[in-house]
1. Please specify each residue of the range 26-40 satisfying the condition of being among the hydrophobic types (A, V, I, L, M, F, W, C) and either over 10 Å from the mean Cα position of the chain (by Cα) or closer than 13 Å to A58 by Cβ (or both).
2. Just one of (1) surrounded by fewer than 16 Cβ atoms within 10 Å (Cβ to Cβ); (2) touching a strand residue (DSSP E or B) at 6+ places or on another chain (Cβ under 9 Å); (3) not hydroxyl-bearing (S, T, Y) trips up Q4, so point out which.
3. Here is a list of conditions, (1) in a strand (DSSP E or B); (2) without any contact (Cβ under 8 Å) to a residue 40 or more places away in the chain, and G25 meets all of them except one; can you say which number that is?
4. Tell me, which residue of the range 1-25 that is within 12 Å of L67 (Cα to Cα) and small (G, A, S) is nearest to the chain's Cα centre (by Cα)?
Amino acid sequence: MGLQSSFMQTAQAERPPLSIYLTGGTRITGTIAGEDGFTLLIVDNGRAMLIYKHAIAAIVPAQPMDLRAAAGGLAPAAGDPAPRPPGS
């Protein structure tokens, strides 16, 4: 599974608040309710917005997300501590 797929899967499962920055500089806040190959469905205060992925510059979660579980063992980034086995 790729990094984008892991991020989207985790964002949809955990539903953290996100700031989505568009290429024109606009910031949108909300949670990801769904996605396909070209669009994201963002919901904020009951209002749904369909955003085209090509218009997105960055997606910033309000809190850290652990993508390793969704990716089935995604390698840690440089500087991240090595994951420990459960119970250690």
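We did not get these values from a lab; they are worked out from the coordinates using the rules stated. On a predicted model such as this, the values are computed, not experimentally measured, just so you know. Positions of Cβ are generated from backbone atoms using ideal geometry, with glycine treated the same way; all protein chains shown enter the neighbour counts.
1. I28, A33, F38, L40
2. The failed condition is (2).
3. Just one mismatch for G25, condition (1).
4. A11
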